[in-house]
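Some notes on the structure that comes next.
What follows is calculated from the coordinates using simple rules that are stated; it is not laboratory data. Bear in mind the structure is a predicted one, so any value in this text is a computation, not a measurement. All Cβ positions, glycine included, derive from the backbone under ideal geometry; neighbour counts span all protein chains shown.
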Amino acid sequence: MQRNTSQRRAIQSVFERTEQPQTPSEVLAIAQTLAPGIGIATVYRALKELTQEQWLVIVELPGQPQRYERAGKHHHHHFHCQGCGQVFDIDGCARGLEKLLPAGFKLAAHEVVLYGQCATCSTAG
Ligand SMILES: [Zn+2]
Ligand SMILES: [Zn+2]
């Protein structure tokens, strides 16, 4: 089981190295540099286990494959770059959303996704 342990460790280090939510294939690409020979099935299994253990949480953006990020971050939102397709964390929050509600409505939760070009993509063109 030593092999499985080191591969799982590699997958955890992927998330310790980046704040960006990762798709399974993005995780695989980085994990392969840390644990050569690791496969997509191992990545999927580890992501599932780490989510069940509440070490990871699933990030769902409309029309996107599921991504994963570390659990326990403070409230934040995501930016999806339309150039490179990467997703970035955005600190802070849109205030005043309650003001958009019709009279008598109560807000329980919200999702905000920002779209555009990341710094690399916006200077590339
Ligand atoms: Zn980009
Ligand atoms: Zn918010």
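Summary table
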{"quantity": "Protection proxy ranking, peptides 58-66, 41-49, 103-111, average beta carbon neighbours within 10 Å, highest first", "calculated": "41-49, 58-66, 103-111"}
{"quantity": "Computed [θ] at 222 nm, deg cm²/dmol, the chain (DSSP H ≥ 4; -39,500 (n - 2.57); rounded to nearest 500)", "calculated": "-11500 deg cm²/dmol"}
{"quantity": "Anchor Lys73: aspartates and glutamates whose Cα lies under 16 Å away (excluding residues fewer than 8 positions away in-chain)", "calculated": "Glu16, Glu19, Glu53, Glu60, Asp89, Asp91, Glu111"}
{"quantity": "Asp91/Thr123 FRET efficiency (R0 30 Å; Cβ-Cβ; nearest 0.05)", "calculated": "0.90"}
{"quantity": "Cysteines, the chain, no other Cys beta-carbon under 4.7 Å", "calculated": "Cys84, Cys93, Cys121"}
{"quantity": "Amide hydrogen neighbours beyond the local backbone of Val59, cut-off 5 Å, H modeled", "calculated": "Arg67, Tyr68, Glu69"}
{"quantity": "The chain - percent relative contact order, Cα under 8 Å, separation 6 or more", "calculated": "21"}
{"quantity": "Candidates Val14, Val87, Val112: whichever shows maximal mean-square fluctuation once the chain is modelled as a Gaussian network with Cα springs under 10 Å", "calculated": "Val112"}
{"quantity": "Linear extension gain, Ile58 paired with His74, 0.36 nm per residue minus alpha-carbon span", "calculated": "4.3 nm"}
